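What follows is a single structure, written as structure tokens, with notes after it.
The values are calculated or read from the model by the stated rules, or taken from the named source; none is laboratory data. Model, not experiment: these values are computed from the prediction. Note: ideal-geometry Cβ built from the backbone for every residue, glycine included; neighbour counts use all protein chains shown.
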Amino acid sequence: MKRKSKFIISSMVQNDINDVLILENKIQKFPWSKQNFIDALLSSYYSKVIKYNDIIIGFIIAMFAPDVTDILNLGINNNFRRQGLATKILKLCETQSLLLGNNILIIEVCKSNLDAIKFYKFHNFFHIGTRFNYYKCKLKNINYMEDALVMKKLIY
Ligand SMILES: CC(C)(COP(=O)(O)OP(=O)(O)OC[C@H]1O[C@@H](n2cnc3c(N)ncnc32)[C@H](O)[C@@H]1OP(=O)(O)O)[C@@H](O)C(=O)NCCC(=O)NCCS
């Protein structure tokens, strides 16, 4: 008999937003605001959460534009990384994208986010451009800007 996965993937709903926000603030250098998540759901963006024992440990949000799919946000709790969970929700998103006839995926990632860049390269995203001074940062009260890499992937 097939063993049931301990991880449950479901669509993100309004009730999930507070927990997603807590996770977002723990793991992202440039966290989305609560309003960003609310707007994403109101806009019916593709959004999934991964739960482990009813606790949200990961999520993805993507926008299906007519010709491309833009991965807007993706994150996994530190304690659950390198288990293929981000891969799992990215693949689900890719399947949905293909069903809609989109075979181009786009992401923007901070140039200094080497873990995420490795993840996206592992998934055959390639660098197509740079948005200079795209992210506003603050370190020890000093403001500075960071570049975003734009990466693309073709899916079949
Ligand atoms: C990037 C992130 C989503 C990856 O999540 P994950 O669940 O650990 O990724 P997976 O387990 O599916 O990784 C698949 C492959 O990607 C590569 N990879 C993922 N994280 C990596 C890391 N930290 N260093 C090197 N390679 C990495 C590996 O090849 C990995 O396969 P392996 O574990 O068999 O070697 C996670 O590190 C994260 O949430 N980071 C903070 C938020 C963020 O930066 N999001 C992306 C920008 S929106």
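The set of residues in region 49-70 being surrounded by 15 or more Cβ atoms within 10 Å (Cβ to Cβ) and more than 18 Å from Tyr120 (Cβ to Cβ) consists of Val49, Ile50, Lys51, Tyr52, Ile56, Ile57, Phe64. Within region 68-80, is even one residue of a type in the set (A, V, I, L, M, F, W, C) and over 17 Å from Lys152 (Cβ atoms)? So far as region 68-80 goes, yes, one or more of its residues are of a type in the set (A, V, I, L, M, F, W, C) and over 17 Å from Lys152 (Cβ atoms).
The rows are residues; the columns are (1) within 15 Å of the ligand (Cβ to nearest atom); (2) under 22 Å from Ala116 (Cβ atoms); (3) hydrophobic (A, V, I, L, M, F, W, C).
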{"position": "Ile8", "(1), (2), (3)": "no, no, yes"}
{"position": "Ile22", "(1), (2), (3)": "yes, yes, yes"}
{"position": "Asn25", "(1), (2), (3)": "yes, yes, no"}
{"position": "Phe30", "(1), (2), (3)": "yes, yes, yes"}
{"position": "Ala40", "(1), (2), (3)": "yes, yes, yes"}
{"position": "Tyr45", "(1), (2), (3)": "yes, yes, no"}
{"position": "Asp67", "(1), (2), (3)": "no, no, no"}
{"position": "Ile76", "(1), (2), (3)": "yes, yes, yes"}
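Looking across region 27-78 at every residue that is modelled with pLDDT under 95 and charged (D, E, K, R), the one that is farthest from Glu146 (Cα to Cα) is identified as Asp54. Name the single residue, out of those in region 114-132 being in a loop (DSSP other than H, G, I, E, B) and more than 8 Å from the ligand (Cβ to nearest atom), that is surrounded by the most Cβ atoms within 10 Å (Cβ to Cβ). Here the answer is Phe125. Do the conditions hold for Ile17, that is, is it hydrophobic (A, V, I, L, M, F, W, C), modelled with pLDDT of 95 or more and farther than 26 Å from Leu149 by Cβ? Against the criterion (hydrophobic (A, V, I, L, M, F, W, C), modelled with pLDDT of 95 or more and farther than 26 Å from Leu149 by Cβ), Ile17 qualifies.
Please determine whether any residue of region 68-87 is of a type in the set (Ser, Thr, Tyr) and in contact with a Phe, Trp or Tyr (Cβ under 7 Å, 6 or more places away or on another chain).
Let us first name the residues in region 68-87 that are of a type in the set (Ser, Thr, Tyr), namely 69, 87.
Next, from what is left, pick out any that are in contact with a Phe, Trp or Tyr (Cβ under 7 Å, 6 or more places away or on another chain): none.
There is no residue in region 68-87 that is of a type in the set (Ser, Thr, Tyr) and in contact with a Phe, Trp or Tyr (Cβ under 7 Å, 6 or more places away or on another chain).
Within region 25-45, does at least one residue satisfy the condition of being within 20 Å of Lys91 (Cα to Cα), touching a strand residue (DSSP E or B) at 6+ places or on another chain (Cβ under 6 Å), of a type outside the set (A, V, I, L, M, F, W, C) and surrounded by 17 or more Cβ atoms within 10 Å (Cβ to Cβ)? Yes.
Sub-6 Å Cβ pairs linking a first residue in region 11-28 that is in a helix (DSSP H, G or I) to a second residue that is among the basic types (Lys, Arg) and modelled with pLDDT of 95 or more, at least 6 apart or interchain, are Leu21/Lys34, ordered by first then second residue. Of everything in region 39-85, what is part of a strand (DSSP E or B), out of contact with any Asp or Glu (no Cβ under 8 Å at 6 or more places or on another chain) and among the aliphatic types (A, V, I, L, M)? Give them in sequence order. Scanning region 39-85 gives Ile50, Ile57, Ile60, Ile61, Ile71, Leu72, Leu74, Ile76. Does region 82-102 hold any residues that are more than 9 Å from the ligand (Cβ to nearest atom), in contact (Cβ under 8 Å) with a residue 60 or more places away in the chain and crowded, with 18+ Cβ neighbours inside 10 Å, and which are they? Within region 82-102, just Glu94 meets the criteria.
Test Ser47 against the criterion of being among the small types (Gly, Ala, Ser) and closer than 26 Å to Lys136 by Cβ, and give yes or no. When the stated conditions are applied, Ser47 passes them. Pairs under 8 Å by beta carbon, first residue farther than 13 Å from Leu149 by Cβ and free of Cβ contacts under 8 Å to residues at least 60 places away in the same chain in region 104-125, partner part of a helix (DSSP H, G or I) and β-branched (Val, Ile, Thr), six or more apart or different chains? Here the result reads His123/Thr87, each pair linking region 104-125 to a residue that is part of a helix (DSSP H, G or I) and β-branched (Val, Ile, Thr).
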